[in-house]
Amino acid sequence: MERVAVLTGGGDSSGINAVLRAAAVSADEAGWTLLGIKNGWRGLLDDDLSELTPKNTEDISHLSGTILGTSRTNPFKIEGGVAQIESNLKKNRISSLIAIGGDDTLGVAGRLAATGLPVVGIPQTIDNDIFGTDYCVGFDTAVNQCVHAIDAMVPSNNSHQKDMIVEIMGRDNGWITLSAALAVQADYVVIPERPLELDRLIASLRERKEEGRRACLVLVAEGIELPWHSRGEVVDAFGNKALEGVAHAMAAKVTDQTDWQFRVQILGFVQRGGRPTALEMKNSIEMGQYAIELLKAGELGYMVARREGRLARLALKDVSGKKCVVPDAAIAIAERYGCFGKR
Ligand code: F6P
C-alpha cells in the first residue's frame, strides 16, 4: 500500500481544506494512505504528521484556513534541513509528497524534486501569481471577500461623504485588486503592473466629485511602489518584505495636494478567509483529485495547473522563479470600464 503525504505551506487561503478532502477521498479510493504533515515544511522537519481519511475530512471542505496548519519555514535555510526531510520521509515509508502553496512552497518542492524526491505541487495563493497556471486555489474567494467587505463600507462612505482608499493584498501583483475594482466599479485602481499617474488620479476623482459623486472609492494593491514611501527591511525566511501600509502613504500624498481627507481601510486577513466560493470548491476538488491521478501515473516533479479551463501538469522546475502578473488585456478591460479614471 502506497503512503502519500501532503503539506500546506506559506499564506493560507480558502479552498485548501477542500483540496485536502479531495486528496483524502482519491487516495482512499486508490487503496492508499494519506498522511497530513503539520505546519508546512516545519512538520516534515519535526516529524509531525497524522492520517487524513475520508471520514476525518468529512466536514472540512467549506472551512477556510488549513486544518494542517502552515508556516513560512524554508528547509533550505536550516542546517541539515533537507537531510532531515529525507530521513523523515524514509522513516514514515512515504513514497511521495504533495506540496500545496505559493511560489515559496512550490520553489522548495521544485528544489527537492531536483534532488530526486518524489514531489507533486498544487498552486495555492490568494495572490494568483504562480507561473504556468491560470488559477491558484484561494483567489476567487479572496476577490469575493474584498467585494463583500467593500460593499459593506460604501454606504457608510456615501452617507458621510467620505472618500476611501482600500488597500488589498497580492504581493507584487494586482490580480485581486484589479478583479475587485471591476466588481465594485471603483473610481480608480492602482496596481504594481501600472505605474501610478498621480495627476490622473487626482483629476479623475475631481471629475467624479464635480459629477456629484458623494464618496470616491480608490483601490490600491499593497505591492505598489511609491517614490515617496519606503518599506521596512524586515523579511521572512524566503526574503519577502512585509508590505502593509502603502494606502496611508498614498492618502497622505493626495491630501497634501488637494486637501481631501480619506478614510483608509486595509482589508488584511479578511481576504484569506471566508467560505470558499462555489468556483473555489470545484477547482479545489479537481486539483486535489488530479494530484493523486499524477501520483498514480508515476508523474513526479510536476505542478497541477489549470490552463484554458482544463487541468494540466507543468514541471516544477519550470515554475519557480517566474511570476505571473496581470496581463495588459485585463488592464485594458478595467481601463475601458473606468477603473483608471478618465483620460
Ligand atoms: O502571499 C499571500 C499573502 O496573503 C500576501 O498577499 C501578503 O502580502 C502576505 O501573504 C502576508 O503574509 P503574512 O501572512 O506572512 O503576513
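The values are calculated or read from the model by the stated rules, or taken from the named source; none is laboratory data. Please read all numbers here as calculations on a predicted model, not as lab measurements. When we count neighbours, we look across all protein chains shown, and the Cβ atoms used for this are built from the backbone with ideal geometry, even at glycine. Quick note on the areas: whole protein, heavy atoms, side chains included, nothing else; ligands and nucleic acids left out. Shrake-Rupley method; radii C 1.70, N 1.55, O 1.52, S 1.80 Å.
Only one of (1) open to solvent by less than 10 Å² (accessible area, probe 1.4 Å); (2) on the phi > 0 side of the Ramachandran plot is not met by Gly174, so which one is it?
Evaluating Gly174 over (1) open to solvent by less than 10 Å² (accessible area, probe 1.4 Å); (2) on the phi > 0 side of the Ramachandran plot leaves (2) as the failure.
Determine, yes or no, whether Ile37 is among the β-branched types (Val, Ile, Thr), touching a strand residue (DSSP E or B) at 6+ places or on another chain (Cβ under 6 Å) and within 28 Å of Ala278 (Cα to Cα). Give the steps one after another, and end with the answer.
Details: among the β-branched types (Val, Ile, Thr): yes; touching a strand residue (DSSP E or B) at 6+ places or on another chain (Cβ under 6 Å): yes; within 28 Å of Ala278 (Cα to Cα): yes.
It is true that Ile37 is among the β-branched types (Val, Ile, Thr), touching a strand residue (DSSP E or B) at 6+ places or on another chain (Cβ under 6 Å) and within 28 Å of Ala278 (Cα to Cα).
Could you check the range 251-275 and list, in sequence order, the residues that are touching a residue at least 12 places away in the same chain (Cβ under 8 Å) and open to solvent by 30 Å² or more (accessible area, probe 1.4 Å)?
Step one: filter the range 251-275 for residues touching a residue at least 12 places away in the same chain (Cβ under 8 Å), giving 251, 253-254, 257-258, 260-268, 270-275.
Hits for the range 251-275 are Lys253, Gln257, Trp260, Gln261, Phe262, Arg263, Val264, Gln265, Ile266, Val270, Arg272, Arg275.
Might you let me know whether the range 223-236 holds any residue that is within 11 Å of the ligand (Cβ to nearest atom) and modelled with pLDDT of 95 or more?
Yes - at least one qualifying residue is present in the range 223-236.
Exactly one condition in (1) under 17 Å from Cys216 (Cβ atoms); (2) open to solvent by 50 Å² or more (accessible area, probe 1.4 Å); (3) among the hydrophobic types (A, V, I, L, M, F, W, C); (4) without any contact (Cβ under 8 Å) to a residue 60 or more places away in the chain is not met by Ala180; state its number.
(2)
So, Asp134, is that one assigned by TED's automatic domain parsing to the domain that holds Lys90 and away from the ligand (no atom under 12 Å from the Cβ) or not? Reasoning before the result, please.
Details: assigned by TED's automatic domain parsing to the domain that holds Lys90: yes; away from the ligand (no atom under 12 Å from the Cβ): yes.
Considered against the rule, which asks whether it is assigned by TED's automatic domain parsing to the domain that holds Lys90 and away from the ligand (no atom under 12 Å from the Cβ), Asp134 comes out as yes.
If we keep just the residues of the range 266-304 that are within 16 Å of the ligand (Cβ to nearest atom) and part of a helix (DSSP H, G or I), which is nearest to Leu316 (Cα to Cα)?
Of everything passing the filter in the range 266-304, Glu280 is nearest to Leu316 (Cα to Cα).
Is it the case, given these coordinates, that Glu244 is in a loop (DSSP other than H, G, I, E, B) and not assigned by TED's automatic domain parsing to the domain that holds Asp134? Please lay out each step first, then the result.
Values: in a loop (DSSP other than H, G, I, E, B): yes; not assigned by TED's automatic domain parsing to the domain that holds Asp134: yes.
Criteria met by Glu244.
Please state which one of Gly116, Gly121, Gly138 is in contact with a Ser or Thr (Cβ under 6 Å, 6 or more places away or on another chain) and either of a type outside the set (A, V, I, L, M, F, W, C) or at positive phi (or both).
Of the residues listed, the single one that is in contact with a Ser or Thr (Cβ under 6 Å, 6 or more places away or on another chain) and either of a type outside the set (A, V, I, L, M, F, W, C) or at positive phi (or both) is Gly138.
Can you pull out the residues in the range 211-222 that are away from the ligand (no atom under 11 Å from the Cβ) and assigned to a strand (DSSP E or B)?
Leu217, Val218, Leu219, Val220 - these are the residues of the range 211-222 that are away from the ligand (no atom under 11 Å from the Cβ) and assigned to a strand (DSSP E or B).
Any residue at all in the range 59-70 that is of a type in the set (D, E, K, R), more than 20 Å from the chain's Cα centre (by Cα) and open to solvent by 60 Å² or more (accessible area, probe 1.4 Å)? Steps first, answer last, please.
First pass over the range 59-70, keeping only residues of a type in the set (D, E, K, R): 59.
From what is left, the residues that are more than 20 Å from the chain's Cα centre (by Cα) are 59.
With the extra rule that they be open to solvent by 60 Å² or more (accessible area, probe 1.4 Å), the set shrinks to 59.
Yes, the conditions are met somewhere in the range 59-70.
Have a look at Leu294, Leu311 and point out the one that is of a type outside the set (S, T, N, Q), touching an Asp or Glu at 6+ places or on another chain (Cβ under 7 Å) and in the same structural domain as Gly10 (by TED's automatic domain parsing).
After ruling out the rest, the residue left standing is Leu311.
Which condition does Ile165 not pass, out of (1) in contact with a Phe, Trp or Tyr (Cβ under 6 Å, 6 or more places away or on another chain); (2) within 19 Å of Lys323 (Cβ to Cβ); (3) not charged (D, E, K, R), if it passes all the others?
Of the numbered conditions (1) in contact with a Phe, Trp or Tyr (Cβ under 6 Å, 6 or more places away or on another chain); (2) within 19 Å of Lys323 (Cβ to Cβ); (3) not charged (D, E, K, R), the odd one out for Ile165 is (2).
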